[in-house]
Amino acid sequence: MFLLPCSALALLLLTCLVLEPPPRRPSPSNPAFRRFQREFLLGYLPALAADWLQGPLLFQLLQSRGFLRSQIAVLYSCGFASNVTFGLVSSVLVDRLGRKKSCVLSSGLCSVSCLLQLSRDFLALATGRVLAALGTSLLFSAFESWYIHEHLEHHDFPAEWIPDTFSRVALWNSGLAVAAGLVAQLVAEGLALGPVAPFLLAVPFLALSGIFAGKNWDENYGKSRPCSKACGEGLRGLLSDPRALLLGLVQALVESILLIFAFLWTPVLEPHEIPVGIAFSGFTAASAVGSALFRRGVTGRLRLQPLRLLFASVLLLALALLALALPLYPPGNFLAVLVLQLSCGMYFPAMAFLRHRLERSGDTAGGARWLRLPLGLALSLVLPALPGDPVGTQGVFGAAALAALVALGAAGGVLGTTRGDEGLRVGDEGLLEGDTVE
């Protein structure tokens, strides 16, 4: 089964090159901006590379420590529960602590987590999963917040230059994700350390990110708000706007499904002798194809609406999960997973666009986290009890498909409530300032 993932990876990478739309506007040539942009990328990209390196072989690593599948599920649950709980307050913490300090702290927490993977002690590994969840929450809130503040407030660059930086981040991130799977497979097989090797390789990247940010970036802070007030504003915004509530439900359901998939994908593919590192690269390439399809749809001649593309992505997700719930031959399972990842590539930029448009009229960002919290915690409790046999796993995917259909209904509800509402649409004028399709 080596040829299938390699062929799929090559085909998906070629498709990405064909689908990628041309830039919407020429890149700014201002030397000061280019210098600042390069300084940000040199601090951020190593952290992203380290994050991707930790993904492909985690299940294999825990399995190699001699743990049962139910015990591995408990370790995953520690990470999931920490992620959804800390996600509720991470933005407030980042604003109070300082964004540069939060970036450095993220690198430190993830480094300790990677080193703890050397242990065979269950408690040490559980601590590592919690630290990884905290570090990852900071990674995806602190770095971009730091950049936007410095771009606008310190350097006073035009706001329309921000998408240029994040387009570069998205392009590099896709390349790093694909490379991470291949590198993880290579170092795991080429070094005597086995599946812990990618985690050790991630540590120098994290150190580079933390040291560079600590030495070269200026500190900045957000508005200091009590945590209860910030969370309360998000919840009120969620309950006062039906669009926000339905979108929040879509987000909570889809991202809970993806947490289940993060745990199950290795045991689904591994028995068929598909190299998981190469499979991971194929997944990320499929996701990149989905993102390219979204950008092409929104900015190309078709001018498709992001809300309709969100609906299409959730429909694809449901179909992929239904396929995984069937007793397919190994190529069928792998292709279904690729479709699932392609749907994710469409889903995430569509959801980011829609949430940004909603936030123009109020604080609804924190509200979606309130919906993720109970679902994420419930999932963390249920995960260790999931059946481990193939038939039981198919049943889990069937239940996930039903949840995806509920999310599809909620997405359809948003379509129904926004007819004639230009707030979530791309009009004839195209994308507005601050909109992103990355």
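The values are calculated or read from the model by the stated rules, or taken from the named source; none is laboratory data. Quick caveat: nothing in here was measured; it's all calculated off a predicted structure. Here the Cβ positions follow ideal geometry from the backbone for every residue, glycine too, while neighbour counts run over all protein chains shown.
General observations
- Only residues that are in contact (Cβ under 8 Å) with a residue 60 or more places away in the chain and part of a loop (DSSP other than H, G, I, E, B) were counted in the range 63-100, giving 4.
- Taking every residue in the range 198-222 that is in contact (Cβ under 8 Å) with a residue 12 or more places away in the chain and pairing it with any residue that is surrounded by 15 or more Cβ atoms within 10 Å (Cβ to Cβ) and among the aromatic types (F, W, Y), at least 6 positions away or on another chain, the pairs with Cβ-Cβ distances below 7 Å are W217/W146; N220/W146.
- One residue from L269, L253, L324 being crowded, with 22+ Cβ neighbours inside 10 Å, within 24 Å of Y76 (Cα to Cα) and more than 19 Å from the chain's Cα centre (by Cα): L324
- Residue in the range 270-279 that is of a type in the set (D, E), in a helix (DSSP H, G or I) and more than 16 Å from W172 (Cα to Cα) present: yes
- R34 free of Cβ contacts under 8 Å to residues at least 24 places away in the same chain and surrounded by fewer than 18 Cβ atoms within 10 Å (Cβ to Cβ): yes
- Filtering the range 156-208 to residues that are within 30 Å of F36 (Cβ to Cβ) and in a loop (DSSP other than H, G, I, E, B) leaves D156, F157, P158.
- Here A177 fits the description: closer than 15 Å to L53 by Cα, out of contact with any Gly (no Cβ under 6 Å at 6 or more places or on another chain) and either buried (at least 20 other Cβ atoms within 10 Å of the Cβ) or not aromatic (F, W, Y) (or both).
- Residues in the range 136-167 that are over 24 Å from the mean Cα position of the chain (by Cα) and surrounded by fewer than 17 Cβ atoms within 10 Å (Cβ to Cβ): L152, E153, H154, H155, D156, P158, A159, E160.
- Matching entry among R301, R243 (being of a type in the set (K, R), outside the structural domain of L75 (by TED's automatic domain parsing), at pLDDT below 90 and not in a helix (DSSP H, G or I)): R301
- Search result, residues across the range 275-323 that are in contact with a Phe, Trp or Tyr (Cβ under 6 Å, 6 or more places away or on another chain) and closer than 26 Å to L182 by Cα: L321
- Residue selected from the range 64-83 under the condition buried (at least 18 other Cβ atoms within 10 Å of the Cβ) and of a type in the set (S, T, N, Q), by the criterion farthest from K215 (Cα to Cα): S77
- Any hit, the range 305-325, residues being under 30 Å from G395 (Cβ atoms) and not in a helix (DSSP H, G or I): yes
- Residue check, V289 crowded, with 22+ Cβ neighbours inside 10 Å and either outside the structural domain of S91 (by TED's automatic domain parsing) or part of a helix (DSSP H, G or I) (or both): yes
- Filter result for L45 (over 20 Å from R168 (Cα atoms) and either in a helix (DSSP H, G or I) or of a type in the set (A, V, I, L, M, F, W, C) (or both)): no
- Per the listing L53, L105, L48, the residue uniquely of a type in the set (A, V, I, L, M), surrounded by fewer than 22 Cβ atoms within 10 Å (Cβ to Cβ), at pLDDT 95 or above and within 22 Å of G181 (Cβ to Cβ) is L48.
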